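Below is one structure, written out as structure tokens, with a few remarks after it.
Computed from the coordinates by the stated procedures, all read-outs in this text should not be read as laboratory data. Note that the structure is a prediction, hence the values are computed from the model and not measured. Using ideal geometry, Cβ is built from the backbone for each residue, glycine included, and neighbour counts are taken over all protein chains shown.
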Amino acid sequence: MSDFIVETVNLVKRYYLEGTYIEALKGINLKIKKGEMVALMGPSGSGKSTLLHLLGGIDLPTEGKVYIDGEDIFLLGEKKLARFRNDRIGFVFQFHYLLPEFTALENVMIPVQIYNKGDAEKKAREILARLGLEHRLNHRPPQLSGGEQQRVAIARAVVNQPSLVLADEPTGNLDSKNTALVMELLKELNEKNNVSMVIATHDSEVAQYCNRIIFLRDGMLQT
Ligand SMILES: Nc1ncnc2c1ncn2[C@@H]1O[C@H](COP(=O)(O)OP(=O)(O)OP(=O)(O)O)[C@@H](O)[C@H]1O
Ligand SMILES: [Mg+2]
């Protein structure tokens, strides 16, 4: 156990493309305490998505370490990391990656069903209703608007009651009413269930729901 839900040590991500290296993250040392709700801000291309992907164990660092609740996640191995992610982390992608052949309800039920964690349908219905989607349960993603898809993706990320939510511009496609709906749900999970959050956003309204703002610029943290 650790006081920190997230800790990174000299985290570097380099992409190699057409003969040149792109250094997307240049040695990030970040600590986030349990229960914090943090906004991750910075210009387009500054490395926000890259950092979230590494924190979620979705992509591998070139150098450095990521500890989630004290666990060195890249030492876990693929299978244990997948389980760890399903149990502990809720990820909202910038481009939502819903499964197109399943309905909204089924997309949200799947993370509960994978490891058989209780009444998937009840949990999925509750969260979707909270996000104003009770009338869209049986639509498949192509039959949903962009903002509806985004809310389904948020429901999917929180349905397993993770200890950490990593959200990449979760309100990027939403109007102000639905932005408030989403942020109020996230804030409630943060305050009532002590869920820690890192939310990449360009929206200062979203940042206002957070306890702290972290700025990235050119792959470096600004202090
Ligand atoms: N797979 C990749 N191969 C090469 N370069 C990449 C790759 N993914 C990202 N990059 C580069 O790394 C840098 C950081 O990208 P990233 O997606 O993390 O930015 P971001 O801060 O999330 O931007 P935005 O606000 O536009 O979402 C960018 O310069 C981007 O072009
Ligand atoms: Mg991004």
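Descriptive notes on the structure:
- Summarising the amide proton neighbourhood of V165: residues at separation of 5 or more, or on other chains, whose placed amide H is nearer than 5 Å comprise G90, S196, M197, V198.
- The residues packed around V12, meaning those with a beta-carbon under 14 Å from its beta-carbon, carry a net charge of 0 if Lys and Arg are +1 and Asp and Glu are -1.
- Mean Cα-pair separation over length for the chain, i.e. relative contact order, pairs under 8 Å, 6 or more apart, %: 30 percent
- Using the Cβ-Cβ distance between E18 and K80 with R0 set to 41 Å, the FRET efficiency from 1/(1 + (r/R0)^6) comes to roughly 0.70.
- Sum of side-chain charges, T171 neighbourhood, beta-carbon under 12 Å (Lys, Arg +1; Asp, Glu -1): -4
- With contacts taken as Cα pairs under 8 Å and at least 6 residues apart, the stretch 1-105 reaches a relative contact order of 30 percent.
- Förster radius 45 Å - calculated FRET efficiency between T223 and E101, Cβ distance, rounded to 0.05: 0.50
- The packing ranking of peptides 127-138, 70-81, highest mean first, is 127-138, 70-81, where packing means the average number of other beta carbon atoms within 10 angstrom of each residue.
- Positive contributions from Lys and Arg (+1) and negative ones from Asp and Glu (-1), summed over other residues with Cβ under 12 Å from the Cβ of R156, come out at +1.
- For the chain, the extents of the C-alpha atoms along the principal axes are 46, 40, 36 Å, listed from largest to smallest.
- Remark: the Cα gyration tensor places the stretch 17-135 in the prolate category, a/c being 1.5 or greater and a/b exceeding b/c.
- Each of T20, S145, Y115 was scored by the projection of its Cα onto the charge dipole of the chain, and the greatest displacement toward the positive side belongs to Y115; charges sit on the C-beta of Lys, Arg, Asp and Glu.
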